[in-house]
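Trainee: Questions regarding the structure given below will be posed in turn.
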Amino acid sequence: MEKVLIIDFGGQYNQLIARRVRSCHVYCEVKPYTTSLAQLRAMEPIGIIFTGGPNSVYLEDAPHVDPEIFTWGVPILGICYGCQLMAQALGGQVVPAQEDSAREYGKTLTYYDTSCKLFRGLPGQGVSWMSHSDYMSKVPEGFALTARSDACPNVAIADESRGFYGVQYHPEVNHTEHGIDMIRNFLFEVCHAKGGWTMGDYKNTAIAQLREKIGGGKVLLALSGGVDSSVAAALLAEAVGRQLTCVFVDHGFMRLHEGDEVERAFAPWDINFVRMDAEDRFLTRLAGVEEPEDKRKLIGEEFIRVFEEESKKIGAVDFLAQGTIYPDVIESGAGDAAVIKSHHNVGGLPDYVDFKEIIEPLRMLFKDEVRQLGRELGLPEYLVNRQPFPGPGLAIRIIGALTKERADTLRLADAIFREEMARAGEDKRLSQYFAVLTNTRSVGVMGDGRTYDCTLALRAVTTSDFMTADWARIPYDLLDKVSARIVNEVSGINRIVYDITSKPPATIEWE
Ligand code: XMP
């Protein structure tokens with residue numbers, strides 16, 4: 001299988017580069033810059049992309065690659081930091097840009113030399129997205145200048161004889177006009193990719209590989225009802241049928257009808273489907289718990305316990321399957337980020353269950369690819385297109401005490417919000433939206449009487465990676481309709497507010 005390697009120098013758009021490459025039907029993997037040269041070479045890449053990164057190449061401890069990589073005869077595209085790194089390694093010079101010259105941020109009008117393969121067939125000028133404070137003061141020998149802006153003469157360089165290309169801007173972001181076409185040119189014109197990587201092929205290959213690996217063994221999977229575990233389950237169901245047991249634990253903080261929907265989605269397959277109704281158990285355990293981290297920890301622990309008990313009934317299994325996806329496994333070249341919340345995924349189970357090996361059939365896929373695979377497998381759209389839902393569920397959207405009554409109240413209000421958003425088509429545009437039951441009570445008037453009820457918050461965000469997010473500008477009329485319906489149809493709520501904070505400084509969830 002033809003493969004492109006993306007060497008990660010810690011830039012913020014690295015996963016986006018990989019998604020762009022894969023959207024051209026070329027398989028690629030992201031590797032940290034610390035990966036050994038021998039390992040990289042063993043992957044036999046047809047092309048290499050150096051990503052951007054927050055460092056300056058001239059600093060002593062800046063990330064580097066072994067220059068031997070330039071002798072392999074494999075084409076390389078350097079983006080931003082990657083471009084400067086290549087320039088410096090091949091004899092050029094990179095210096096801090098002066099205030100008045102070549103430091104550039106944001107949208108920049110750029111002029112391209114369309115005789116260069118990277119820009120072949122594209123307009124001679126367009127907006128590119130810049131974000132650099134260093135400048136190539138000397139271009140390495142053998143390289144030509146192939147793009148410039150008004151402020152900077154050295155926006156792109158190329159040594160076409162060796163297949164080396166460098167751009168100061170970010171072709172992978174949407175703000176760069178024709179950026180995806182430049183990536184496509186690199187893949188097809190420079191690396192001569194064939195581009196046959198499709199999800200249908202992936203599905204068939206994955207099924208064959210799973211059958212070979214599992215043989216006659218038993219597989220256990222904790223199904224959360226989220227996209228990842230559902231698609232992993234469907235793939236395994238297709239591959240090994242009744243050898244698969246899916247355990248779906250309903251902790252009582254699922255959305256309205258969620259359990260039924262998950263069960264219905266898996267009805268077409270002949271697998272062992274275990275639905276555990278553990279609501280009472282979780283409610284008892286969580287009684288009196290109000291602190292968000294305590295809720296998360298307790299739910300995580302209790303989940304493991306329920307799952308463990310259920311799996312003991314099944315007996316020893318050979319494989320534990322998990323819906324881990326690529327963004328979870330990519331090792332960044334930039335070190336670890338601070339932990340803001342202890343995320344509970346059904347992934348953290350292995351220590352407690354008796355099994356021989358873990359299988360992660362989605363390990364190499366991005367979220368949109370996982371959804372595509374789900375469609376290939378025939379999963380219904382309501383599952384495939386499901387927005388992210390945290391492991392602890394509505395428990396971290398109920399501020400303060402957790403009771404069945406409060407969970408039912410939120411479930412109903414949340415369902416109304418989601419129904420109206422979908423009806424208005426906002427579900428296609430937004431990344432995530434949900435309701436939060438606060439512990440603030442306020443005075444209202446309904447009919448002729450005074451009420452003293454709860455405040456419900458609505459949250460809707462747009463984001464590409466869930467690391468940062470913007471609050472969504474949804475129409476006032478839609479908010480009005482949702483507000484009226486919830487207050488009329490859900491008892492115990494008399495006031496609705498809309499959350500207009502971005503992340504940062506807020507997070508997407510309230511707890
Ligand atoms: P925050 O609130 O940290 O959320 O901005 C970012 C994204 O992660 C989801 N989230 C979780 N997902 N287990 C999960 O699988 C969790 O414990 C968890 N907590 C938050 C959240 O819904 C958002 O999409």
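Trainee: If I go through the stretch 1-27 residue by residue, how many of them are crowded, with 24+ Cβ neighbours inside 10 Å and under 15 Å from H192 (Cβ atoms)?
Mentor: The qualifying residues number 3.
Trainee: Of the residues that make up the stretch 421-437, is at least one of a type in the set (V, I, T) and away from the ligand (no atom under 15 Å from the Cβ)? Don't jump to the end; show me each part of the working.
Mentor: Residues of the stretch 421-437 that are of a type in the set (V, I, T), as a first pass: 436.
Narrowing further to those that are away from the ligand (no atom under 15 Å from the Cβ): none.
So far as the stretch 421-437 goes, no, none of its residues is of a type in the set (V, I, T) and away from the ligand (no atom under 15 Å from the Cβ).
Trainee: When S229 is evaluated against the numbered criteria (1) in a strand (DSSP E or B); (2) buried (at least 24 other Cβ atoms within 10 Å of the Cβ), which criterion, by number, is the only one it fails?
Mentor: With respect to (1) in a strand (DSSP E or B); (2) buried (at least 24 other Cβ atoms within 10 Å of the Cβ), S229 is out only on (1).
Trainee: Give all pairs with beta carbons closer than 9 Å in which a residue from the stretch 490-511 that is within 16 Å of the ligand (Cβ to nearest atom) and outside any strand (DSSP E or B) meets a residue that is open to solvent by 60 Å² or more (accessible area, probe 1.4 Å) and among the polar types (S, T, N, Q); count only pairs at least 6 apart in sequence or on separate chains.
Mentor: From residues that are within 16 Å of the ligand (Cβ to nearest atom) and outside any strand (DSSP E or B), the pairs are S502/T468; P504/T468.
Trainee: Only residues in the stretch 1-23 that are at positive phi count as the first member; pair them with residues that are part of a helix (DSSP H, G or I) and open to solvent by less than 10 Å² (accessible area, probe 1.4 Å), Cβ under 9 angstrom, at least 6 apart or cross-chain, and list the lot.
Mentor: Between residues of the stretch 1-23 that are at positive phi and residues that are part of a helix (DSSP H, G or I) and open to solvent by less than 10 Å² (accessible area, probe 1.4 Å), the close pairs are G10/Y81.
Trainee: Okay, moving on. Does R275 meet the test of being touching a residue at least 24 places away in the same chain (Cβ under 8 Å) and open to solvent by 40 Å² or more (accessible area, probe 1.4 Å)?
Mentor: Yes: the conditions hold for R275.
Trainee: Looking at D408, is it more than 30 Å from V173 (Cα to Cα) and not in a strand (DSSP E or B)?
Mentor: Working: more than 30 Å from V173 (Cα to Cα): yes; not in a strand (DSSP E or B): yes.
Yes, satisfied.
Trainee: Something else now. Does H192 satisfy the condition of being out of contact with any Pro (no Cβ under 6 Å at 6 or more places or on another chain) and within 19 Å of S23 (Cα to Cα)?
Mentor: Considered against the rule, which asks whether it is out of contact with any Pro (no Cβ under 6 Å at 6 or more places or on another chain) and within 19 Å of S23 (Cα to Cα), H192 comes out as yes.
Trainee: While we're on this one: Of all the residues that make up the stretch 372-410, how many are more than 16 Å from the ligand (Cβ to nearest atom) and in contact with a His (Cβ under 9 Å, 6 or more places away or on another chain)?
Mentor: 0
Trainee: Somewhere in the stretch 415-427, is a residue assigned to a loop (DSSP other than H, G, I, E, B), on the phi < 0 side of the Ramachandran plot and either modelled with pLDDT of 95 or more or open to solvent by less than 10 Å² (accessible area, probe 1.4 Å) (or both)?
Mentor: Looking only at the stretch 415-427, we keep the residues that are assigned to a loop (DSSP other than H, G, I, E, B), and these are 424-425.
Next cut, on the phi < 0 side of the Ramachandran plot only: 424.
When the remaining residues are screened for being either modelled with pLDDT of 95 or more or open to solvent by less than 10 Å² (accessible area, probe 1.4 Å) (or both), the result is 424.
Yes - at least one qualifying residue is present in the stretch 415-427.
Trainee: Could you please find all residues in the stretch 263-301 being among the hydrophobic types (A, V, I, L, M, F, W, C), closer than 19 Å to L410 by Cβ and in a helix (DSSP H, G or I)? Break it down into steps so the answer makes sense when it comes.
Mentor: Filtering the stretch 263-301 down to residues among the hydrophobic types (A, V, I, L, M, F, W, C) leaves 265-267, 269, 271, 273-274, 276, 278, 282-283, 286-287, 289, 298-299.
Filter once more, so that each one left must be closer than 19 Å to L410 by Cβ: 278, 282-283, 286-287, 289, 298-299.
Within the stretch 263-301, F282, L283, L286, L298, I299 meet the criteria.
Trainee: Right, T245: of a type in the set (V, I, T), free of Cβ contacts under 8 Å to residues at least 24 places away in the same chain and more than 16 Å from the ligand (Cβ to nearest atom) or not?
Mentor: No, not satisfied.
Trainee: Tally up the residues in the stretch 428-460 that are part of a strand (DSSP E or B), among the hydrophobic types (A, V, I, L, M, F, W, C) and surrounded by 13 or more Cβ atoms within 10 Å (Cβ to Cβ), please.
Mentor: Within the stretch 428-460, residues that are part of a strand (DSSP E or B), among the hydrophobic types (A, V, I, L, M, F, W, C) and surrounded by 13 or more Cβ atoms within 10 Å (Cβ to Cβ) number 9.
Trainee: Here's another thing I want to ask about it. Residue under question is N345, and the condition is that it be surrounded by 14 or more Cβ atoms within 10 Å (Cβ to Cβ), at pLDDT below 75 and within 16 Å of the ligand (Cβ to nearest atom); does it hold? So that I can check it myself, show each step before the final result.
Mentor: Details: surrounded by 14 or more Cβ atoms within 10 Å (Cβ to Cβ): yes; at pLDDT below 75: yes; within 16 Å of the ligand (Cβ to nearest atom): yes.
Yes: the conditions hold for N345.
Trainee: Go through the stretch 246-268 and count every residue that is open to solvent by 10 Å² or more (accessible area, probe 1.4 Å) and of a type outside the set (K, R). Steps first, please.
Mentor: Start the filter on the stretch 246-268 by keeping residues that are open to solvent by 10 Å² or more (accessible area, probe 1.4 Å), which leaves 250, 254-257, 260-261, 263-264, 267-268.
In the following step, the residues that additionally are of a type outside the set (K, R) were identified as 250, 254, 256-257, 260-261, 263, 267-268.
The qualifying residues number 9.
The values are calculated or read from the model by the stated rules, or taken from the named source; none is laboratory data. No experiment lies behind these values; they were computed from the predicted model shown. Here Cβ is always computed from backbone atoms with ideal geometry, including for glycine, and neighbour counts include all displayed protein chains. Only protein heavy atoms, including side chains, enter the accessible area calculation; ligands, DNA and RNA are left aside. Shrake-Rupley method; radii C 1.70, N 1.55, O 1.52, S 1.80 Å.
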